[in-house]
1. For segment 270-285, check the following and say yes or no: at least one residue is touching a strand residue (DSSP E or B) at 6+ places or on another chain (Cβ under 7 Å), modelled with pLDDT under 95 and either open to solvent by less than 80 Å² (accessible area, probe 1.4 Å) or basic (Lys, Arg) (or both).
2. Among the residues of segment 244-254, is any modelled with pLDDT of 95 or more, open to solvent by less than 50 Å² (accessible area, probe 1.4 Å), in a helix (DSSP H, G or I) and not charged (D, E, K, R)?
3. How many residues does segment 295-317 contain that are over 21 Å from ALA256 (Cβ atoms) and of a type in the set (A, V, I, L, M)?
4. Checking the conditions here, which among GLU266, GLU293 is free of Cβ contacts under 8 Å to residues at least 40 places away in the same chain, among the charged types (D, E, K, R) and part of a loop (DSSP other than H, G, I, E, B)?
5. Tell me which strands (runs of 3 or more DSSP E) are completely within segment 110-179 and hold 1 or more residues being in contact (Cβ under 8 Å) with a residue 40 or more places away in the chain and open to solvent by 40 Å² or more (accessible area, probe 1.4 Å), or say none if there are none.
6. Given the criteria open to solvent by less than 40 Å² (accessible area, probe 1.4 Å) and touching a helix residue (DSSP H, G or I) at 6+ places or on another chain (Cβ under 7 Å), does GLN104 qualify?
7. What number of residues within segment 89-101 are free of Cβ contacts under 8 Å to residues at least 40 places away in the same chain, open to solvent by less than 30 Å² (accessible area, probe 1.4 Å) and under 27 Å from the mean Cα position of the chain (by Cα)?
8. Of the numbered conditions (1) modelled with pLDDT under 95; (2) among the polar types (S, T, N, Q); (3) farther than 29 Å from MET244 by Cα, GLN158 fails exactly one; give the number of that condition.
Amino acid sequence: MINPDFFITSIEEAQHSIAECTNALPDVLACATQAIIDTLRRGNKVLTCGNGGSAGDAQHIASELVNRFETERSALAAVSLVPDSSVVTAIANDYAYEVIFSRQIEALGREGDILIAFSTSGNSRNILRAIESAHLRKMIVIAMTGNDGGQVTNLLSQFDVEVRAPAYSTARVQEIHLLAIHAICQAIDTHLTEPDLVTSDKVQTDWHQLVSITRGLRPLVFTNGVFDILHRGHITYLKKARAMGACLIVGVNSDASSRRLGKGPERPVQSEDDRAHILAGLSCVDFVTLFDEDTPEQLIETLEPDILVKGGDYVLKDIIGADFVLARGGAVETVAFEYDRSTTGIVRHLKHLT
C-alpha cells in the first residue's frame, strides 16, 4: 500500500513553489503579456516551441490564443512549431534535431513577431538555436525557464523577457509554467479588445500614441528632417537607417518649423501632410510623425529611441538628442549619403528650366 504521506509531500512542495511566485513573477509576467499584446496589435504573430512536457505547454498557449481562453474575442495569431510531425521529422532527418525549431523560424518568423520558448533547464540545444534564429529576424523572445535559467539567460537581449520559475524540480517548473500560461491568457483576454486589433496608420501625429504602438519594437531607430522633395539620397539613407533596428520612426519638421530653418520663402515646396504621407509610402519607413519645434529634442525624449541616426555631414556634438540617447545606453550613428542630391539643388534646377 502506498503511503498517502508521499502525496502530501508533493503537494506541499508545489504549494511552496507557487508561493514563491508571488514575489518572483508578477513584474515579468506583466512585461511578457504586454509584449504579446503589442505584437498582436501590430498584426504580427506568436510562435511557440518546447520539448517533452514543454512541447505540451507550447501547444497549450498557442491553442488558447488561436481559439480563446475564458472570454469571447477574435482569434489571435499564434503557431506552435511542435505538432507538425512531417516537418519536424524531415528537418531532424535531413539536418539535425537541434534545428527543428530554428529551421521553422527561418521559414515562418518575421520581424516584429514573438517567440515563446519553453525550456525547464534553459539548456536545450534546439531552444538555444531557436532563440538565435529569432534574434536574426529581429523577433522578441519570451523565455519560459526554471532553475538558474541555464544558457538561455545568456542569449537574451535587453528587449527579451525571461519568465523564470522559482523552482529546481522539472515537475515544479512545469507546474509554474502552466500557471504563467493561464495568467498571461487571462490578462490578454482582459486587456486586448477588438478595436486594438486594427492596424495602426503609419502617420501618427500623437507622440504618446506612437510610443504605445511601438513599445514592443526594439531596437527602435529614429531620424528626422524636412524631406521636402524625396530623392534617391533620401531613399538610400532611410534604408540604411531601417536596417539598424526593428522599427524606423521618421520625425518630419512641420511647415512652420521648416520655414524657420531659413531655406527660403518658397520652402517647403510640399506641405507637412504631403511630406509625411509620401514618406509613409516607403516600405523602409515604419512610422512618421511631425514636430513643430525648431529641433526634435522633445520628440526624441518622448519616443526614447535606441538608435539615433543622422546624415554623415553631422558630427556627434552637433546631433540634437545624442546625449539623451547615449545616456540611456543607446547608440548614435551617422550615415553618409551615397548620392549627391538635395531638395535645394532640385528646386534650383527646376527654376533654371523655367
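1. Our first condition is that a residue be touching a strand residue (DSSP E or B) at 6+ places or on another chain (Cβ under 7 Å); within segment 270-285, this holds for 272, 275-277, 279-280, 284-285.
Filter once more, keeping what is modelled with pLDDT under 95: none.
No: zero hits.
2. The answer is no, given that none of the residues of segment 244-254 is modelled with pLDDT of 95 or more, open to solvent by less than 50 Å² (accessible area, probe 1.4 Å), in a helix (DSSP H, G or I) and not charged (D, E, K, R).
3. If we filter segment 295-317 for residues that are over 21 Å from ALA256 (Cβ atoms), which is where we start, we get 304-317.
Among the residues that remain, those that are also of a type in the set (A, V, I, L, M) are: 307-309, 315-316.
Here the count works out to 5.
4. GLU293
5. Working: elements: 114-118, 140-145, 161-164.
Filter on segment 110-179 gives 161-164.
6. Details: open to solvent by less than 40 Å² (accessible area, probe 1.4 Å): yes; touching a helix residue (DSSP H, G or I) at 6+ places or on another chain (Cβ under 7 Å): yes.
Yes; evaluated as a whole, the condition is true for this residue.
7. In the first step, residues of segment 89-101 are kept if they are free of Cβ contacts under 8 Å to residues at least 40 places away in the same chain; the result is 89-100.
Cutting the leftovers down to open to solvent by less than 30 Å² (accessible area, probe 1.4 Å) gives us 91, 99-100.
Imposing the further condition that a residue be under 27 Å from the mean Cα position of the chain (by Cα) reduces the set to 99-100.
So the answer is 2.
8. That leaves (3) as the condition not met.
The values are calculated or read from the model by the stated rules, or taken from the named source; none is laboratory data. Not measured: the values here are computed from a predicted model. Cβ: placed from backbone, ideal geometry, glycine included. Neighbour counts: every protein chain shown. Note: areas computed on protein heavy atoms with side chains; ligands, DNA, RNA excluded. Shrake-Rupley method; radii C 1.70, N 1.55, O 1.52, S 1.80 Å.
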